[in-house]
Amino acid sequence: MLPPGDPRAASALYAFMEELSVRWFGRPVSDAEVREGLRDFPSDDLQPPHGLLVVAHRDGAAVGCAGLRFVEEELGEATRVYVAPAERRRGLARALMSEVERLAREHGIARLRLDTRADLVEARRLYEGLGYTEVPRFNDSIHAGHWFEKRLGA
């Protein structure tokens, strides 16, 4: 776990926002556009007491991340799930989500929810494969198209 301001965490969050921005706009994006996205959708709360940020490293470089927000008693939200393209299809996203779920249980979270965009088909497949079920909209995110929830066992 790292605070979002740690350079390794910031690197993973930048890569996350860059990829989402490219996919959203359907074109390459500038550094300024990525930084604007990071300002508009901050991750500062992904540190105690509001949440946690798990960052995966390989050879000293951040290659993935997943965040956990403490929403309310027994309710958490998974967010900022990202794996660098070169690391995909190796089980890292599953490992990150497993760690987020473990940490959630450790913090008394019984229910974990998340949202994802409609165009992130691979993310939806991942969440469904991990036992998340689609639920009615629980936020007003203009980017979200699907909402999921999972009850965490002990």
Inset, instruction - Check SER30 against each of (1) surrounded by 12 or more Cβ atoms within 10 Å (Cβ to Cβ); (2) of a type in the set (Ser, Thr, Tyr); (3) farther than 17 Å from GLU77 by Cα and name the one condition it does not meet. - result: (1)
Inset, instruction - Look at the stretch 92-137 and say how many of its residues are at pLDDT 95 or above, in a loop (DSSP other than H, G, I, E, B) and under 15 Å from the mean Cα position of the chain (by Cα). - result: 2
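Matching residues to (1) assigned to a helix (DSSP H, G or I); (2) more than 21 Å from ALA123 (Cα to Cα); (3) over 15 Å from the mean Cα position of the chain (by Cα):
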| residue | (1), (2), (3) |
| --- | --- |
| MET1 | no, yes, no |
| PHE16 | yes, no, no |
| SER21 | yes, no, no |
| TRP24 | yes, no, yes |
| ALA32 | yes, yes, yes |
| ARG35 | yes, yes, yes |
| LEU38 | yes, no, no |
| PRO49 | no, yes, yes |
| VAL55 | no, no, no |
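I need the full set of residues from the stretch 138-154 which are assigned to a loop (DSSP other than H, G, I, E, B) and farther than 22 Å from GLY91 by Cα, in order please. Can you show your working first?
Step one: list which residues in the stretch 138-154 are assigned to a loop (DSSP other than H, G, I, E, B), which gives 138-145, 152-154.
Listed by number, the residues that qualify are PHE138, ASN139, ASP140, SER141, ILE142, HIS143, ALA144, GLY145, ALA154.
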Legend entry - Subset of the stretch 3-14 that is out of contact with any strand residue (DSSP E or B) (no Cβ under 6 Å at 6 or more places or on another chain) and part of a helix (DSSP H, G or I) - its residue that is surrounded by the most Cβ atoms within 10 Å (Cβ to Cβ): LEU13
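Pick from ARG124, ARG80: which is in contact with a Cys (Cβ under 8 Å, 6 or more places away or on another chain), closer than 17 Å to GLU19 by Cα, surrounded by 15 or more Cβ atoms within 10 Å (Cβ to Cβ) and among the basic types (Lys, Arg)?
Details: ARG124 fails: in contact with a Cys (Cβ under 8 Å, 6 or more places away or on another chain).
Among ARG124, ARG80, only ARG80 is in contact with a Cys (Cβ under 8 Å, 6 or more places away or on another chain), closer than 17 Å to GLU19 by Cα, surrounded by 15 or more Cβ atoms within 10 Å (Cβ to Cβ) and among the basic types (Lys, Arg).
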Inset, instruction - Look at the stretch 69-84 and say how many of its residues are in contact (Cβ under 8 Å) with a residue 40 or more places away in the chain and farther than 15 Å from TYR132 by Cα. - result: 4
Inset, instruction - Give the stretch 102-118 a look and list any residue that's under 25 Å from SER21 (Cβ atoms) and out of contact with any helix residue (DSSP H, G or I) (no Cβ under 6 Å at 6 or more places or on another chain), or say none. - result: ARG113, LEU114, ASP115, ARG117, ALA118
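The values are calculated or read from the model by the stated rules, or taken from the named source; none is laboratory data. No experiment lies behind these values; they were computed from the predicted model shown. Neighbour counts run over all protein chains shown; Cβ positions are idealised from the backbone, glycine included.
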